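S.K.: What follows is a structure written as structure tokens; I'll ask about it next.
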Amino acid sequence: MTVPRSVSAAPVALRANPRSMAAGNMDRPLMADTVSAARTVTLQFDDNALLPLLYGEHDRHLAQIEQRAGVRLASRGNRLTITGSPEASGVVETALRTLWKRLERGEPTGIAEVEAALRLSEGAARTAMAAESPEPRLPLSDLPAIRTRKGAIAPRSVAQSGYMEMLGRHEMVFGIGPAGTGKTYLAVAQGVALLMAGRVDRIVLSRPAVEAGERLGFLPGDMKEKVDPYLRPLYDALHDMMPADQVARRITSGEIEIAPLAFMRGRTLAHCFAILDEAQNTTPAQIKMFLTRMGEGTRMVITGDPTQVDLPNGQKSGLVEALAVLDSVSGIGVTRFNEQDVVRHPLVGRIVAAYNRADERAAQDRGAGGRAGFPPESAGRATAETVRRGRKENDGTGK
């Protein structure tokens, strides 16, 4: 790819992109101020056959980048001009280079890949600015990848990139963060890759059978049919990595075992890749029991979101306690995700961020003496249920 670049000699005022506003995207532009000095960068591509794939049908990828990053894009022939704040235009330039390399390798590029490239470029730029590097080198050319029979799985955020590297280095890894950040999906992918390569003999997938805020009552069927609804997300991830018939065959042969946490006591897990999902719903005794099942040649991954605890009121989350107790233990890796790492629909990240802000306000109110509907004696309890109850009483919906 030939990418000569030119920067405008005279800075101009950059305002919010009218096309972005018309599209209903009222979010703050990516790393861009409302009014700032603009920079123009021109990229030139040497393969016109790939340009339609880069731009997307009806230029939908370019429109997505404009709305997401708050820049203006103009194409003419094999040249693409980026106009925006220095930070935003730099992020977009790096993202476009990354997408072009994907196309040159014959890899598909769609809306999800465009969003991932922007998220990775933005995260790398923020890291470089935090390090005060005058000429940052964005580590996007040699990102880690997990290879399965259905293809390579690449990270879609900077945190995912670090998580994947940690999965390859450490024998025990904690993935902590909100829903939709890929904690469980990438862990299952790593397990499948190791199984296919013959580096482990089997995969063990487990999660506590805890209902999410509602009582389901009696469930018909045998034991497998009773626990399958709780383990459905793990099945879904497996079917993304392997053909359905192979998943069924490996489950039957015992190479893939999916079991509720209650069945783990007394076992030793040797030469396997073990994943404990939804660990925030374990008790301290349960998570200790799981962690001590680790045998020779075994790798363990524990995932969970401490803000979504479904345990009964007053019951302490085992995940929270384990993170505190094991903080100084060597050989254990911990990756923490936040709302910026959510790779589901963009609305999910904004929803998570909104709830986090509401929880912070509720916590501040409790610390100020029991305001926001919290009695003073509950100020020390930080369970998700009390936060939700306080918020409800505040806005009047609980009456």
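S.K.: Which numbered condition trips up GLN286, out of (1) farther than 26 Å from HIS170 by Cβ; (2) assigned to a helix (DSSP H, G or I); (3) open to solvent by 40 Å² or more (accessible area, probe 1.4 Å)?
M.R.: The number of the failed condition is (1).
S.K.: Within the bounds of region 36-49, is there any residue that is in a helix (DSSP H, G or I), at pLDDT 90 or above and crowded, with 16+ Cβ neighbours inside 10 Å?
M.R.: No, that holds for no residue.
S.K.: Of the conditions (1) under 30 Å from GLU113 (Cβ atoms); (2) at pLDDT 85 or above, ARG350 satisfies every one except a single condition; which number is it?
M.R.: Here ARG350 meets the rest and fails (2).
S.K.: Would you pick out the residues in region 254-270 that are more than 12 Å from ARG207 (Cα to Cα), touching a helix residue (DSSP H, G or I) at 6+ places or on another chain (Cβ under 9 Å) and among the β-branched types (Val, Ile, Thr)?
M.R.: ILE256
S.K.: Kindly indicate whether any position in region 257-264 is surrounded by 12 or more Cβ atoms within 10 Å (Cβ to Cβ) and at pLDDT 90 or above. Walk me through how you get there before you give the answer.
M.R.: Taking region 257-264 first, the residues surrounded by 12 or more Cβ atoms within 10 Å (Cβ to Cβ) are 257-264.
Applying the additional criterion that residues be at pLDDT 90 or above yields 257.
Yes, region 257-264 has at least one match.
S.K.: Let me ask something additional. Report, by residue number, each residue of region 190-204 that is out of contact with any Ser or Thr (no Cβ under 7 Å at 6 or more places or on another chain) and assigned to a helix (DSSP H, G or I). Give the steps one after another, and end with the answer.
M.R.: First, pick out the residues of region 190-204 that are out of contact with any Ser or Thr (no Cβ under 7 Å at 6 or more places or on another chain): 190-191, 194-195, 197-204.
Passing the criteria: GLN190, GLY191, LEU194, LEU195.
S.K.: Out of the residues in region 344-365 meeting the condition of being in contact with a helix residue (DSSP H, G or I) (Cβ under 7 Å, 6 or more places away or on another chain) and surrounded by 18 or more Cβ atoms within 10 Å (Cβ to Cβ), tell me which one is nearest to GLY304 (Cα to Cα).
M.R.: The selected residue is VAL352.
S.K.: Out of (1) crowded, with 22+ Cβ neighbours inside 10 Å; (2) modelled with pLDDT of 85 or more; (3) more than 28 Å from VAL320 (Cβ to Cβ); (4) of a type outside the set (Gly, Ala, Ser), what's the single condition that is false for LEU120?
M.R.: Unmet condition: (2).
S.K.: Let me ask something additional. Only one of (1) more than 29 Å from ALA152 (Cβ to Cβ); (2) small (Gly, Ala, Ser); (3) buried (at least 22 other Cβ atoms within 10 Å of the Cβ) is not met by ALA95, so which one is it?
M.R.: (1) is the only condition that ALA95 fails.
S.K.: Any residue in region 329-340 that is within 22 Å of THR282 (Cβ to Cβ), free of Cβ contacts under 8 Å to residues at least 12 places away in the same chain and not in a helix (DSSP H, G or I)?
M.R.: Within region 329-340, one or more residues are within 22 Å of THR282 (Cβ to Cβ), free of Cβ contacts under 8 Å to residues at least 12 places away in the same chain and not in a helix (DSSP H, G or I).
S.K.: Of the residues ALA63, ALA88, only one is within 17 Å of ILE111 (Cα to Cα) and in a helix (DSSP H, G or I); which? Working first, answer last.
M.R.: Numbers: ALA88 fails: within 17 Å of ILE111 (Cα to Cα).
Sole residue among the options that is within 17 Å of ILE111 (Cα to Cα) and in a helix (DSSP H, G or I): ALA63.
S.K.: Within region 162-189, can you find the residues that are part of a helix (DSSP H, G or I), open to solvent by 10 Å² or more (accessible area, probe 1.4 Å) and among the small types (Gly, Ala, Ser)?
M.R.: Scanning region 162-189 gives GLY162, GLY168.
S.K.: I'd like the residue in region 309-331 that is under 29 Å from LEU195 (Cβ atoms) and open to solvent by 40 Å² or more (accessible area, probe 1.4 Å) and, out of all such residues, is modelled with the highest pLDDT. Before the answer, list the steps.
M.R.: Kept after step one, since they are under 29 Å from LEU195 (Cβ atoms), are these residues of region 309-331: 318-319, 322-323, 326, 329-331.
Those still in the list that are open to solvent by 40 Å² or more (accessible area, probe 1.4 Å) too: 326, 329-331.
Numbers: LEU326: 94, VAL329: 91, SER330: 90, GLY331: 90.
Filtering first and then ranking leaves LEU326.
S.K.: So, one more: From the list ASP201, ASP236, pick out the single residue that is of a type in the set (Asp, Glu), modelled with pLDDT of 85 or more and under 30 Å from ALA353 (Cα atoms). So that I can check it myself, show each step before the final result.
M.R.: Values: ASP201 fails: under 30 Å from ALA353 (Cα atoms).
The conditions single out ASP236.
S.K.: Another question, then. So which residues in region 50-89 are touching a residue at least 40 places away in the same chain (Cβ under 8 Å), open to solvent by 20 Å² or more (accessible area, probe 1.4 Å) and within 20 Å of ARG119 (Cα to Cα)?
M.R.: Within region 50-89, the first condition is being touching a residue at least 40 places away in the same chain (Cβ under 8 Å), and the residues that meet it are 50, 53-54, 56, 60-61, 63-72, 81-89.
Adding the requirement that they be open to solvent by 20 Å² or more (accessible area, probe 1.4 Å) leaves 50, 53, 60, 63-64, 67-68, 72, 81, 83, 86-87.
The answer is LEU53, ARG60, ALA63, GLN64, GLN67, ARG68, ARG72, THR83, PRO86, GLU87.
The values are calculated or read from the model by the stated rules, or taken from the named source; none is laboratory data. Owing to the predicted nature of the structure, the values given are computational and were not obtained by experimental measurement. Note: ideal-geometry Cβ built from the backbone for every residue, glycine included; neighbour counts use all protein chains shown. We work out accessible area using only protein heavy atoms, side chains counted, and drop any ligands, DNA or RNA first. Shrake-Rupley method; radii C 1.70, N 1.55, O 1.52, S 1.80 Å.
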